[in-house]
Amino acid sequence: MFCSVISIFFMMGIQKLIVLFLGLVFEAGVVFGQQHILYFTNGSFEGERQDAVVPSGWNACELGTTPDILPGFWGVYQEASDGDTYVGLITRGDGSWESIGQRLSHSLKLLECYKFTVDLAQSKTYADYNEPVRLMIWGGSGRCNKEQLLFQSKKIDHNYWKTYEVKFNVKVPINYIIFEAYFEEKGKVVRGNILIDNLSPIKMCPRA
């Protein structure tokens, strides 16, 4: 009888240890997963529709950056790809351009592959900034530092939303990411625009 009781308590102890172990494994997996899925702050650029306003969660990077939270200003009335609003960036005839950025919740790991998607379009009626331009995405170790070019689109000349995949290998420490409107050809300045919406979370690329 005594041995039976001891055996029961022993088995109960083993079961508790197994439950505790599985719980720790699950928690570690959740933490690991959270560290390798990075969500943009306000990745859909939601906010009150205004001109010359940086969306919540973002910072102006390039000098003279005055992005617009659209639609509803400068002749741009296209519906958002996701949510209610999106951001518009322009390039100018004086050779300047606009860019916005934000600090990531976690640093990207060196030598690892990451990917995310972004929806892009171009407006044919953005005041007098109607030429197509390209999107450049940069990564860096500090606020607005452009240390690695992560993505450069072709010129965006379609007025409908289209999803683009951004895929890159980390070559320098990246804590900050920048989205920049830029001229199709370096040195050839135009008055252009690009519309940006619906950033997906940044995820590590699946291993082969």
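The values are calculated or read from the model by the stated rules, or taken from the named source; none is laboratory data. Everything numeric in this text was worked out from a predicted model, so none of it was measured. Here the Cβ positions follow ideal geometry from the backbone for every residue, glycine too, while neighbour counts run over all protein chains shown.
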Can you find even one residue in region 167-178 that is among the aliphatic types (A, V, I, L, M) and within 20 Å of GLY93 (Cα to Cα)? no
From the list ILE14, ILE18, ILE90, ILE100, which residue is outside any loop (DSSP other than H, G, I, E, B), more than 18 Å from the chain's Cα centre (by Cα), at pLDDT 95 or above and more than 19 Å from THR163 (Cα to Cα)? ILE90
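Given the criteria touching an Asp or Glu at 6+ places or on another chain (Cβ under 9 Å), within 27 Å of THR85 (Cβ to Cβ) and basic (Lys, Arg), does LYS167 qualify?
no
So which residues in region 122-159 are polar (S, T, N, Q) and more than 15 Å from GLU180 (Cα to Cα)? Full working, then the answer.
Of all residues in region 122-159, those polar (S, T, N, Q) come to 122-123, 125, 130, 141, 145, 148, 152-153, 159.
Those that are polar (S, T, N, Q) and more than 15 Å from GLU180 (Cα to Cα): SER123, THR125, ASN130, SER141, ASN159.
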Matching residues, region 57-68, being assigned to a loop (DSSP other than H, G, I, E, B) and touching a Ser or Thr at 6+ places or on another chain (Cβ under 8 Å): GLY57, TRP58, CYS61, GLU62, LEU63, GLY64, THR65
Which one is modelled with the lowest pLDDT among residues in region 41-86 that are more than 18 Å from ARG103 (Cα to Cα) and charged (D, E, K, R)? ASP51
Test each condition in (1) closer than 21 Å to THR41 by Cα; (2) buried (at least 16 other Cβ atoms within 10 Å of the Cβ); (3) of a type outside the set (Val, Ile, Thr) for ARG143 and report the one that comes out false. (2)
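Yes or no, residue by residue, for (1) closer than 12 Å to ILE196 by Cα; (2) out of contact with any strand residue (DSSP E or B) (no Cβ under 9 Å at 6 or more places or on another chain); (3) in the same structural domain as THR163 (by TED's automatic domain parsing); (4) buried (at least 23 other Cβ atoms within 10 Å of the Cβ):
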position	(1), (2), (3), (4)
ASN59	no, no, yes, no
ASP68	yes, no, yes, yes
GLY72	no, no, yes, no
THR91	no, no, yes, yes
Please go through (1) closer than 20 Å to LYS155 by Cβ; (2) of a type in the set (Gly, Ala, Ser); (3) surrounded by fewer than 18 Cβ atoms within 10 Å (Cβ to Cβ) for ALA121 and return the number of the only condition it doesn't satisfy. (3)
